[in-house]
Amino acid sequence: MSDNKPIFQPNREFAKEARVKNMCEYHALQNEAMEDYEGFWSRYAKEKLDWIEPFTTTLDESNAPFYRWFDGGKLNVSVQCIDRHLSSRKNKAAIIFEGDRGDKQIITYLELYYQVNKFANLLKENFGVQKGDRVVIYMPMIPEAAYAMLACARIGAIHSIVFGGFSAEALKDRIEDAKAKVVITADGAYRKAKPYMLKDVVDKALESGSTVVEKVLIVERNNEEIAWVAGRDYSYNELIKDKSPICQPEPMDSEDPLFLLYTSGSTGKPKGVQHNSAGYILWAQMTMEWVFDVKENDTYWCTADIGWITGHTYIVYGPLAMGATTIMFEGVITFPDAGRPWKMVEEYKINQFYTAPTAIRVLHKTGENEPKKYDISSLKVLGTVGEPIDPPAWKWYYEEVGGSRCAIVDTYWQTETGGHVVSPLPGATPIKPACATMPLPGIIAEILDENGQKVPAGEKGLMCITRPWPSMIRGVWGDDERFKKSYFGDVKKEGQAVYFTGDGAIYDEDGYITITGRTDDVINVSGHRMGTAEVEAAIKKHTKVAEVAVVGKPHEIKGEGIFAYIVMKGEDSFAQEVELIKEINNIIKDEIGNIALCDDIVFVPGLPKTRSGKIMRRILRAIAKNEPITQDTSTLEDPSVVEKIESIVKSCMI
């Protein structure tokens, strides 16, 4: 191969039983979609979904980009996830919960049915929540969070989950934009065996009185003292006791909204991504079946938080729609040590494990040999999500966690896509490390140039999806113009606006797709635009580099220089900083060229990350430019790391 990437063939024994067994079957599915696009989706919608009333129109493109799927149909997502399984799976574990401190709970499908119905009745009877009302959920990773989501779906309320690490101001912005009627929260939760509180954040968000929130429902998880506002705050634990476990589901139109999920809002007003009912739940189920190949007796674990789209689609909606057993984990996977996930894999006999490259790198750095201490032979499929995975992390994941026999599905998708759009199929796709591979069947994804022409192999282009698909974003809540401008304003193909992901990508000679990172995460060095992901990938090839983040810094000659923050493996690496800088720049020279050499390299103890593992590059840019940090650092996993980085950078610049 000209790109010199090794190819890993699917495990033959696994492939024999996989839903898609080889590339011939993959191409047959993709050809079916290309030849009869609406027929393809109509077939799966009829096969996979339980309809209250059948749909009459598969796809309506008359008001592009406000596409409509499965018009005329009625269904209820909670029925899709729970009720339809009761005849055959009522005693099967739906959710296995493990708390931070090791407390455990198994919720069967029948128990889930009762809990969701009771929660739905509480919202209707006590708070007057009706179809179309917005409910903000600000919760830790506990079963009641899943109950709340599904209860909203059952009565037709639109839920908007706000990640439990967001600040009061961020929470307030989202509440106000959604015009939420009710907030569901908890007194607190546990993280690294220590309690942290959520209710006081809600109080701060609501203290201005500018929101329309009428009631706050509090799950008493920690049972610690909290402030109660009379007439507004109510105890879930008390109100739920006398609720009926029977609640008739609300028939929902296919295009009725299911949930809103807000982007970070770091550059202006938060953007409420809207997903609707039928198309979203269809693709959530189909990708669970195709990408993870979950079978009836499998146990599946996604380590994400429900505050992000990964938690929505691949902890709650997708697994439950297909009748799977899904793990819900409150804690931190490196606590009390880096063996925690492998201990859980051994205990629960987990078959599919889905996590972020950031987590993989941390587990590799802090517990390289931990997988060997546990029996993790139950694993069949390993997944990555959130960012491109670098080859060294991929290698360790494949060899040490997967035993060189598990497929690694490097999934590419976004909040806006609702589910995976580019990913290997574990029984079919020959895998290249750190490569997202090919579009999933039914997804017409192409790498285009700015004129809408498909780019040749080896040239960078824009990652686009050129036909609407069922799980796509339906709009930005309350702002149609922003929706069109954000997603359909940059690229046209044959005169028709297409969905642009905002990411760059490149084809190799086999047609495999590698994502190169955000097109706006670029550094313009002497007129040459370089993606930060490309520079970071080169630096990560140094054997002593654990993590890296690259940003641009003003340069009086080049316009912009490259500034790299590097976390090294081991504690003694800092002793040879000068030598390390030379080695790292030599790798960049070999991988990219002299134009990409770093002007500044600083070695830091850690990077500023949200609790979901996202690196906050805006903070790093501010430090590199010696500008004040205006971002809220309270949502970071370790806020103190910012001061440490600032101190190191200042000392280097003296």
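The values are calculated or read from the model by the stated rules, or taken from the named source; none is laboratory data. Nothing here was measured: the structure is a model prediction, and the numbers come from that model. Neighbour counts run over all protein chains shown; Cβ positions are idealised from the backbone, glycine included.
Can you go through Arg611, Arg618 and tell me which one is under 25 Å from Ile306 (Cα atoms) and surrounded by fewer than 17 Cβ atoms within 10 Å (Cβ to Cβ)? Can you show your working first?
Working: Arg611 fails: surrounded by fewer than 17 Cβ atoms within 10 Å (Cβ to Cβ).
Going through Arg611, Arg618 in turn, the sole match is Arg618.
Does any residue in region 570-592 that is over 15 Å from Val602 (Cβ atoms) come within less than 7 Å, Cβ to Cβ, of a residue that is modelled with pLDDT of 90 or more and in a helix (DSSP H, G or I) six or more places away or on a different chain, and which pairs are these?
Ile587/Ile539; Ile588/Ile539
Inside region 443-466, can you point out the residues that are in a strand (DSSP E or B) and over 25 Å from the mean Cα position of the chain (by Cα)? Can you show your working first?
To start, the set of residues in region 443-466 that are in a strand (DSSP E or B) comprises 445-448, 454, 460-465.
The one that is in a strand (DSSP E or B) and over 25 Å from the mean Cα position of the chain (by Cα): Lys454.
Pull up region 44-88, narrow it to residues that are acidic (Asp, Glu) and either in contact (Cβ under 8 Å) with a residue 12 or more places away in the chain or under 16 Å from Ala284 (Cα atoms) (or both), then point me to the one that is surrounded by the fewest Cβ atoms within 10 Å (Cβ to Cβ).
Glu47
How many of the residues in region 71-108 are of a type outside the set (A, V, I, L, M) and more than 25 Å from the chain's Cα centre (by Cα)?
Of the residues in region 71-108, 15 are of a type outside the set (A, V, I, L, M) and more than 25 Å from the chain's Cα centre (by Cα).
This table checks each residue for (1) farther than 30 Å from Trp394 by Cα; (2) among the charged types (D, E, K, R); (3) not in a loop (DSSP other than H, G, I, E, B).
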| position | (1), (2), (3) |
| --- | --- |
| Lys485 | yes, yes, yes |
| Asp503 | no, yes, yes |
| Thr516 | no, no, yes |
| Met530 | no, no, yes |
| Ala538 | no, no, yes |
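Could you list, in sequence order, the residues of region 224-252 that are under 22 Å from Tyr113 (Cα atoms) and in contact (Cβ under 8 Å) with a residue 40 or more places away in the chain? Walk me through how you get there before you give the answer.
Start the filter on region 224-252 by keeping residues that are under 22 Å from Tyr113 (Cα atoms), which leaves 235-252.
Passing the criteria: Tyr236, Leu239, Ile240, Lys243, Ser244, Pro245, Ile246, Cys247, Pro249, Glu250, Pro251, Met252.
Go through Trp396, Trp413 for me and flag whichever is over 18 Å from Thr514 (Cα atoms) and not hydroxyl-bearing (Ser, Thr, Tyr).
Numbers: Trp413 fails: over 18 Å from Thr514 (Cα atoms).
Answer to the check: Trp396.
Could you tell me whether region 148-160 includes any residue that is among the small types (Gly, Ala, Ser), more than 24 Å from Leu239 (Cα to Cα) and touching a residue at least 40 places away in the same chain (Cβ under 8 Å)? Can you show your working first?
Going through region 148-160, the residues among the small types (Gly, Ala, Ser) turn out to be 148, 151, 153, 156-157, 160.
Among the residues that remain, those that are also more than 24 Å from Leu239 (Cα to Cα) are: none.
No, because not a single residue in region 148-160 is among the small types (Gly, Ala, Ser), more than 24 Å from Leu239 (Cα to Cα) and touching a residue at least 40 places away in the same chain (Cβ under 8 Å).
Closer than 30 Å to Asp50 by Cα and of a type in the set (D, E, K, R): is that true of Glu214 in this structure?
Values: closer than 30 Å to Asp50 by Cα: no; of a type in the set (D, E, K, R): yes.
Spelling it out, it is not the case that Glu214 is closer than 30 Å to Asp50 by Cα and of a type in the set (D, E, K, R).
Out of the residues in region 329-349 that are among the hydrophobic types (A, V, I, L, M, F, W, C) and touching a helix residue (DSSP H, G or I) at 6+ places or on another chain (Cβ under 6 Å), which is surrounded by the most Cβ atoms within 10 Å (Cβ to Cβ)? Spell out how you get there, then give the answer.
From region 329-349, those among the hydrophobic types (A, V, I, L, M, F, W, C) are 329, 332-333, 335, 338, 342, 344-345; that's our starting set.
Next, only the ones that are touching a helix residue (DSSP H, G or I) at 6+ places or on another chain (Cβ under 6 Å) stay: 333, 338, 342.
Working: Ile333: 18, Ala338: 19, Trp342: 24.
The qualifying residue surrounded by the most Cβ atoms within 10 Å (Cβ to Cβ) is Trp342.
So, of the residues in region 376-405 that are closer than 20 Å to Asp503 by Cβ and part of a loop (DSSP other than H, G, I, E, B), which turns out to be modelled with the highest pLDDT?
This residue is Val385.
Residues to consider are Tyr300, Tyr280, Tyr317; find the one that is at pLDDT 95 or above, farther than 20 Å from His159 by Cβ and not in a loop (DSSP other than H, G, I, E, B). Talk me through it step by step, then tell me what you get.
Values: Tyr280 fails: farther than 20 Å from His159 by Cβ; Tyr317 fails: farther than 20 Å from His159 by Cβ.
Residue meeting the stated conditions: Tyr300.
Assess whether Leu112 counts as being closer than 19 Å to Met286 by Cα, hydrophobic (A, V, I, L, M, F, W, C) and either part of a loop (DSSP other than H, G, I, E, B) or within 27 Å of the chain's Cα centre (by Cα) (or both). Give the derivation first.
Working: closer than 19 Å to Met286 by Cα: no; hydrophobic (A, V, I, L, M, F, W, C): yes; either part of a loop (DSSP other than H, G, I, E, B) or within 27 Å of the chain's Cα centre (by Cα) (or both): yes.
No, not satisfied.
Name the single residue, out of those in region 281-327 being acidic (Asp, Glu) and touching a residue at least 40 places away in the same chain (Cβ under 8 Å), that is farthest from Asp83 (Cα to Cα).
Among those residues, the one meeting the criterion is Asp305.
With respect to Asn126, determine if the residue is polar (S, T, N, Q) and touching a helix residue (DSSP H, G or I) at 6+ places or on another chain (Cβ under 7 Å).
Details: polar (S, T, N, Q): yes; touching a helix residue (DSSP H, G or I) at 6+ places or on another chain (Cβ under 7 Å): yes.
So Asn126 passes the test.
Give me the strands (runs of 3 or more DSSP E) completely within region 147-255, filtered to those with at least 3 residues that are among the hydrophobic types (A, V, I, L, M, F, W, C), buried (at least 21 other Cβ atoms within 10 Å of the Cβ) and in contact with a Phe, Trp or Tyr (Cβ under 8 Å, 6 or more places away or on another chain), ordered by residue number. So that I can check it myself, show each step before the final result.
Details: elements: 158-161, 182-186, 188-191, 194-197, 215-219, 233-235.
Per the criteria, 182-186, 215-219.
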